[in-house]
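Undergrad: One structure, as structure tokens, below. Some questions next.
The values are calculated or read from the model by the stated rules, or taken from the named source; none is laboratory data. The shown structure was predicted, so the numbers you read here are calculated from the model rather than taken from an experiment. When we count neighbours, we look across all protein chains shown, and the Cβ atoms used for this are built from the backbone with ideal geometry, even at glycine. Accessible surface areas use protein heavy atoms only, side chains included; no ligands, DNA or RNA. Shrake-Rupley method; radii C 1.70, N 1.55, O 1.52, S 1.80 Å.
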Amino acid sequence: MMKELVRSAVAAGCRASGLLARREAQLRSGLTILCYHRVLPAVEKAAYFIPDLVVTPEAFEAHCAVLARRFHLLPLREAFDAWSRRTKTDKPIAVITFDDGYRDNALLAVPVLAKHGLRATFFVVADLAGIEAPPWYDQAGRAVQVLRSQGRGVAPDGTILDAPGPSASPREVVAAAKKRAPRDRAALTARLVAAVGDALAFSENDRIMTWDQLRTVHRQGHEIGSHSASHEILPLLDDEALRAEVCGSKRTLEEGLDAAVDTFCYPNGDYDARTLRLAGEAGYQCAVTTHRGSNKEHGAAPYELKRWFIHEGRLAGPGGAASPSQLRLELTGLADKAFARETSRAVTS
Ligand SMILES: [Zn+2]
């Protein structure tokens with residue numbers, strides 16, 4: 001509560017002094033990109049092992065209302081084009097992006113976007129499209145969550161401990177597993193899932209969109225971008241595997257959608273010089289990272305676009321509901337300055 005009151009006082013000060021309006025005016029020459037992952041009802045958000053990656057439909061609705069009023073919203077490819085060509089727009093250009101391509105995006109985010117007449121970009125893990133099993137990282141994370149709730153511990157490397165005791169968090173286990181070879185990781189996930197058996201439950205929202213959903217979302221004017229083939233950490237891969245993730249995912253999505261896929265999003269925000277080169281060779285027009293900030297120089301670094309990671313809790317007012325002023329502070333960079341946030345990298349998935 002104290003935090004919310006302080007944030008609200010800072011917002012009032014920035015508004016009254018005209019600082020917020022001045023900073024928003026500066027956004028007109030830039031490209032503002034927001035990064036969301038999942039939209040889930042409050043109960044599902046609270047149960048998810050990385051609640052920071054989730055906003056509720058109510059919060060998303062409040063964000064969309066502010067964004068529609070203050071920005072000219074376009075899917076990434078169109079926004080990047082307009083920004084690179086210095087197209088004059090009445091309001092600053094902004095993009096709403098979603099990482100991973102969960103079904104909750106189609107079921108709960110798209111209707112809110114439609115209500116406000118907004119179009120967004122959805123970055124999809126291509127090889128998981130239409131797969132009924134949730135992504136391995138959610139299976140492993142949930143399994144650790146269940147084991148802990150049963151009083152069983154898990155070591156950071158995923159080893160299930162016999163005796164109850166301190167346990168690594170689901171997040172720590174998943175973060176360590178992401179760095180393993182795919183076969184090791186699959187074995188680890190299978191072991192964790194087998195250990196909890198029927199106690200592991202998933203909802204429709206937890207799967208990656210079906211091809212029908214992807215085609216429908218695309219037909220409604222939204223953009224489908226690539227979030228790699230299988231969500232591997234790209235700099236850890238050899239050249240051949242890297243090519244399959246960057247170029248192969250583009251082909252898979254283009255064939256499935258029968259449309260061009262022009263934008264890319266690095267899994268976990270991780271990339272290296274080879275990845276940047278391949279993104280260009282593959283024919284993507286631009287790519288987004290998890291570095292925080294607005295993109296200021298017209299068309300510069302097209303494969304290293306910055307985004308604002310949207311954290312629902314940080315954008316809440318004193319009553320707990322989404323605050324329009326907090327979102328405005330966030331997107332002008334004033335929140336990072338005022339609250340001395342760690343600004344280089346965001347929570348990632
Ligand atoms: Zn991701």
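Undergrad: Taking the alpha-carbon set of the chain, what are its Rg and Dmax in Å?
TA: Rg then Dmax for the chain, in Å: 20.2, 64.
Undergrad: Another one. Please report the antiparallel percentage of the DSSP beta bridges confined to the chain, to the nearest 5.
TA: So the antiparallel bridges amount to about 20 percent of the total.
Undergrad: Restricting to DSSP H runs of at least four residues, report the calculated mean residue ellipticity at 222 nm for the chain, -39500 (n - 2.57) per run over all residues, nearest 500 deg cm²/dmol.
TA: Values: 15 runs with 142 residues, N = 349.
Calculated mean residue ellipticity at 222 nm is -11500 deg cm²/dmol.
Undergrad: For A133, which sequence-distant residues (separation of 5 or more, or a different chain) have an amide H within less than 5 Å of its own amide H, given hydrogens modelled in the peptide plane?
TA: none
Undergrad: Largest first and in whole Å, give the semi-axes of the stretch 136-199's equivalent ellipsoid, each being the square root of 5 times a Cα gyration tensor eigenvalue.
TA: Each semi-axis is the square root of five times an eigenvalue, giving 17, 12, 10 Å.
Undergrad: Take the Cα of S17, step 7 Å along the line toward its Cβ, and report every residue of the stretch 309-334 whose backbone nitrogen sits under 13 Å from that point.
TA: Inside the label zone: 334.
Undergrad: Near the amide H of C286, under 5 Å away, which other amide H atoms are found, from residues 5 or more places off or on another chain, if H is placed in the peptide plane?
TA: Residues meeting the criterion, in which the H sits 1.01 Å from N, are F264.
Undergrad: Something else now. How far apart, in nm, are two points set 7 Å out from the Cα along the Cα-to-Cβ line at R274 and at R69?
TA: In this crude spin-label approximation the distance works out to 4.9 nm.
Undergrad: What is the calculated FRET efficiency for A9 to D162, with r their C-beta to C-beta distance and R₀ = 45 Å, to the nearest 0.05? Please list the in-between numbers first.
TA: On the way: r = 51 Å, r/R0 = 1.14.
Efficiency computed from Cβ-Cβ geometry: 0.30.
Undergrad: Sticking with this one: Between W211 and A181, what FRET efficiency comes out of the Förster formula 1/(1 + (r/R0)^6) with R0 = 30 Å and r the beta carbon distance, rounded to 0.05? Please report the intermediate quantities before stating the final value.
TA: Numbers: r = 29 Å, r/R0 = 0.96.
Efficiency computed from Cβ-Cβ geometry: 0.55.
Undergrad: Related question: Between S84 and F339, what is the label-to-label distance in nm when each label sits 7 Å out along the Cα-to-Cβ direction?
TA: In this crude label model, S84 to F339 measures out at 3.4 nm.
Undergrad: For the stretch 134-275, state the semi-axes of the equivalent ellipsoid (square roots of 5 times the eigenvalues of the alpha-carbon gyration tensor), sorted largest first and rounded to whole angstrom. Before the final figure, lay out each step's value.
TA: Values: eigenvalues 208, 74, 23 Å².
Square roots of five times the eigenvalues give 32, 19, 11 Å.
Undergrad: How large is the accessible surface per residue of the chain, computed with a 1.4 Å probe and reported in Å² as a whole number?
TA: Details: 14550 Å² over 349 residues.
Heavy-atom accessible area per residue stands at 42 Å².
Undergrad: With a Förster radius of 22 Å, plug the Cβ-Cβ distance of F202 and R171 into 1/(1 + (r/R0)^6) and report the FRET value to the nearest 0.05.
TA: On the way: r = 18 Å, r/R0 = 0.81.
Given R0 = 22 Å and the Cβ-Cβ separation, E is 0.80.
Undergrad: Using a 1.4 angstrom probe on heavy atoms only, work out the carbon and sulfur share of the accessible area of the chain in %.
TA: Numbers: 7860 of 14550 Å².
Answer for the chain: carbon and sulfur cover 54 percent of the accessible area.
Undergrad: Alpha carbons only, please: Rg and Dmax for the stretch 258-332, in angstrom.
TA: 15.8, 49
Undergrad: Contour minus end-to-end for K91 and A42, with contour as 0.36 nm per residue of separation and end-to-end as the Cα-Cα distance? Before the final figure, lay out the partial values.
TA: On the way: separation 49, 0.36 × 49 = 17.64 nm, distance 3.23 nm.
Here the segment from K91 to A42 would lengthen by 14.4 nm.
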